[in-house]
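One structure is given here, and the rest of the page talks about it.
The values are calculated or read from the model by the stated rules, or taken from the named source; none is laboratory data. All values derive from a computational prediction rather than experimental measurement. Note: ideal-geometry Cβ built from the backbone for every residue, glycine included; neighbour counts use all protein chains shown.
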Amino acid sequence: MPRRLAPGAVDAYLTFGYVPTPLTFFEGVRSVPPGHVLVASPGRAPEILEYWQPQAPGSHAVEPAGLGFKDAGAEVRRLLSSAVEKRLVADVPLGAFLSGGIDSSAVVALMSRLSSRPIKTFTIGFEDQEGFDERPYARQVSKLFRTEHTEFVVDPDKAELIERLVWHHDQPFGDSSALPTFLLSELTRRYVTVALSGDGGDELFGGYERFAAALAVGALGRLPRRILTGAERAAGRVPPALLDGRAGSVHRLLRQTGAGLPMALLGWVNYIPAEQRDLLLPRHLPWGEDDYERIWAASAGASRLDRILLLNLQTYLLDDLLPKVDRMSMAHGLEVRSPLLDDALMDFALRLPPRFKVRGLSLKRVLKEAMHDLLPADILHRRKRGFGVPLDRWLRTDLRTYTEGMLSSRATQVGELVDGDAVRSLVAEHMSGRANSGHGIWTLLTLEVFLRQEGW
């Protein structure tokens, strides 16, 4: 079939860092949605049939009858333990990724109780990973459960890695955490063939600060318009490059107050902000935003948190987190299993009342309750850190020559799809330190690599 770029693919990619399921970058090529099978029979058109879907919050029954918070925690513990036990069945060497966060630590804790021999655990750090290194936390959990722990400290050839990552994804992919996932999988595969991970805990139980922020947006939306306008203007005058941590989170929240949900949430997670996308694509089509609105509308009637979680399940988890781990692990023949995404646990978690998951700035409450007697308080309650790399710094140092060579030239492939001057301006602003646009530049960089590899 002819190889053509799908209409709207670049628009959606600049927003999400991926092309949403079931579409792909290739016109006429679609992916089979999760929970479905494609049935091909002689003489008949292929059919796509659904065999399972997580139940939408609020779409069936009510919260488990008479179940209190502590009982809900006990049931989460039972279901997660069962999910881990099922995923320990293997006739090949098996281990676990361990970051020291609550999700991977919970999996390792239950693995250690279910196994008669020490669990093999693996974590990764970078030589220059200032502020991103989770190895001390992973070491603490490993010591607690007496695992056979392996730490990998690497200083990779980052430019060469980008080329490999894009090739294995088969499409551009905007999430730079694919890089440490690729390296962790490569090194772990030297020791085991199967690894359990903590993926899914944030999605089921409300582990991202942006969820609490989105709930706050809903509350702020009831304030008088003049107050919201003043807050947005004040936030807009503070350069994002000056903010970090929770200060940056509050800044982003205030800048999104007028958008309302779900657009405020999209403004929080998008890879290239709307104002930059308008410069890159002057004839921008709102295809990605329309898809976001459609998913949001389908959950009308559920609580605000349930709607946020369901939206996240059908977008970020589906098209970012799961493909990232799948492609980057299978690139090395490593099978990664995710107990927290067990169907029975998912169905139960989605039926729990919102207050069991998020209350104010307290996140993943019921999962913490489930694991309170196994994990120490500083692991249960430490602030979540993403599995990332110091991307802003790398682009200005190790990757500077490569990035400028790929994106600042007037002969770029990406310049055929977006405004080349806007790309060069984005890169120059970042390199000068006047802005932190690492995620946007990475998104454009992997698009450029894809176009060159495919010969478009």
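Within the range 426-438, is even one residue within 25 Å of the chain's Cα centre (by Cα), within 24 Å of F25 (Cα to Cα) and modelled with pLDDT under 95? Yes, some residue in the range 426-438 is within 25 Å of the chain's Cα centre (by Cα), within 24 Å of F25 (Cα to Cα) and modelled with pLDDT under 95.
The C-beta contact set for the range 152-177 (first residue within 28 Å of T121 (Cβ to Cβ), second residue charged (D, E, K, R), distance under 6 angstrom, 6+ apart or interchain) comprises D155/E127; K158/D398; H168/R327; H169/R327; D175/D320; D175/K324.
Of all residues in the range 430-453, those that are crowded, with 17+ Cβ neighbours inside 10 Å and either part of a helix (DSSP H, G or I) or in the same structural domain as G174 (by TED's automatic domain parsing) (or both) total 16.
Could we say that G174 is more than 18 Å from the chain's Cα centre (by Cα) and not aromatic (F, W, Y) here? Please lay out each step first, then the result.
Numbers: more than 18 Å from the chain's Cα centre (by Cα): no; not aromatic (F, W, Y): yes.
When the stated conditions are applied, G174 does not pass them.
Could you tell me which of the residues D421, D373 is over 25 Å from the mean Cα position of the chain (by Cα), under 30 Å from R113 (Cα atoms) and without any contact (Cβ under 8 Å) to a residue 40 or more places away in the chain? I'd like the intermediate steps shown before the answer.
Numbers: D421 fails: under 30 Å from R113 (Cα atoms).
Going through D421, D373 in turn, just one is over 25 Å from the mean Cα position of the chain (by Cα), under 30 Å from R113 (Cα atoms) and without any contact (Cβ under 8 Å) to a residue 40 or more places away in the chain: D373.
Restricting the search to the range 355-411, which residues are basic (K, R) and either outside any loop (DSSP other than H, G, I, E, B) or surrounded by 18 or more Cβ atoms within 10 Å (Cβ to Cβ) (or both)? Once the filter is applied, which keeps residues that are basic (K, R) and either outside any loop (DSSP other than H, G, I, E, B) or surrounded by 18 or more Cβ atoms within 10 Å (Cβ to Cβ) (or both), the range 355-411 yields R355, K357, R359, K364, R365, K368, R393, R396, R400. Do we have any residue at all in the range 17-28 that's surrounded by fewer than 17 Cβ atoms within 10 Å (Cβ to Cβ), free of Cβ contacts under 8 Å to residues at least 60 places away in the same chain and within 23 Å of A344 (Cα to Cα)? Checking the range 17-28: not a single residue is surrounded by fewer than 17 Cβ atoms within 10 Å (Cβ to Cβ), free of Cβ contacts under 8 Å to residues at least 60 places away in the same chain and within 23 Å of A344 (Cα to Cα). Kindly indicate whether Q140 is polar (S, T, N, Q) and surrounded by fewer than 18 Cβ atoms within 10 Å (Cβ to Cβ). When the stated conditions are applied, Q140 passes them. If only one of G301, G267, G288, G333 is within 30 Å of D91 (Cβ to Cβ), more than 14 Å from the chain's Cα centre (by Cα) and of a type outside the set (A, V, I, L, M), which one is it? Among G301, G267, G288, G333, only G333 is within 30 Å of D91 (Cβ to Cβ), more than 14 Å from the chain's Cα centre (by Cα) and of a type outside the set (A, V, I, L, M). Residues that are in contact (Cβ under 8 Å) with a residue 60 or more places away in the chain and among the acidic types (D, E) within the range 424-456 comprise just one, E454.
Looking only at the range 189-206, decide whether some residue is in contact with an Asp or Glu (Cβ under 8 Å, 6 or more places away or on another chain), on the phi > 0 side of the Ramachandran plot, in the same structural domain as Q314 (by TED's automatic domain parsing) and not in a helix (DSSP H, G or I). Scanning the range 189-206, I find at least one residue that is in contact with an Asp or Glu (Cβ under 8 Å, 6 or more places away or on another chain), on the phi > 0 side of the Ramachandran plot, in the same structural domain as Q314 (by TED's automatic domain parsing) and not in a helix (DSSP H, G or I), so the answer is yes.
Would the range 220-243 turn up any residue that is in a helix (DSSP H, G or I), β-branched (V, I, T), modelled with pLDDT under 85 and surrounded by fewer than 21 Cβ atoms within 10 Å (Cβ to Cβ)?
For the range 220-243, residues in a helix (DSSP H, G or I), β-branched (V, I, T), modelled with pLDDT under 85 and surrounded by fewer than 21 Cβ atoms within 10 Å (Cβ to Cβ): present.
Taking helices (runs of 4 or more DSSP H) that do not extend beyond the range 78-175, which have at least 3 residues that are farther than 30 Å from M406 by Cβ, among the charged types (D, E, K, R) and assigned by TED's automatic domain parsing to the domain that holds D319? It would help to see each step written out before you state the result.
Working: elements: 102-114, 135-145, 158-169.
By residue number, 135-145.
Examine the range 360-371 for a residue that is touching a Ser or Thr at 6+ places or on another chain (Cβ under 9 Å) and over 18 Å from G125 (Cα atoms), and state whether such a residue exists.
Step one: filter the range 360-371 for residues touching a Ser or Thr at 6+ places or on another chain (Cβ under 9 Å), giving 368, 371.
Add one more test, that the residue is over 18 Å from G125 (Cα atoms), and what stays is 368, 371.
Checking the range 360-371: at least one residue is touching a Ser or Thr at 6+ places or on another chain (Cβ under 9 Å) and over 18 Å from G125 (Cα atoms).
Please count how many residues of the range 36-69 are modelled with pLDDT of 90 or more and in a loop (DSSP other than H, G, I, E, B). Step through it out loud before you land on a result.
Of the range 36-69, the ones modelled with pLDDT of 90 or more are 36-51, 68-69.
After this cut, where a residue has to be in a loop (DSSP other than H, G, I, E, B) as well, the list is 40-46, 51, 68.
Number of matching residues: 9.
Evaluating D91 against the criteria (1) within 22 Å of D202 (Cα to Cα); (2) free of Cβ contacts under 8 Å to residues at least 12 places away in the same chain leaves one unmet condition, (1).
I'm trying to understand the selection: among the residues of the range 183-199, which are among the hydrophobic types (A, V, I, L, M, F, W, C), crowded, with 23+ Cβ neighbours inside 10 Å and under 9 Å from M328 (Cβ atoms)? Explain how you work it out, then say what you get.
Taking the range 183-199 first, the residues among the hydrophobic types (A, V, I, L, M, F, W, C) are 183-184, 187, 192, 194-196.
Subsequent filtering for residues that are crowded, with 23+ Cβ neighbours inside 10 Å retains 184, 195-196.
Hit for the range 183-199 is L184, nothing else.
With respect to being under 23 Å from the mean Cα position of the chain (by Cα), closer than 18 Å to S104 by Cβ, among the basic types (K, R) and in the same structural domain as V166 (by TED's automatic domain parsing), K364 fits the description. Of all residues being part of a helix (DSSP H, G or I) and not aliphatic (A, V, I, L, M) in the range 1-35, which is nearest to the chain's Cα centre (by Cα)? Just the residue, please. Per the stated criteria, the residue is F16. Of the helices (runs of 4 or more DSSP H) lying entirely inside the range 295-353, those containing at least 1 residues that are of a type in the set (S, T, Y), assigned by TED's automatic domain parsing to the domain that holds H168 and surrounded by 21 or more Cβ atoms within 10 Å (Cβ to Cβ) span 322-330.
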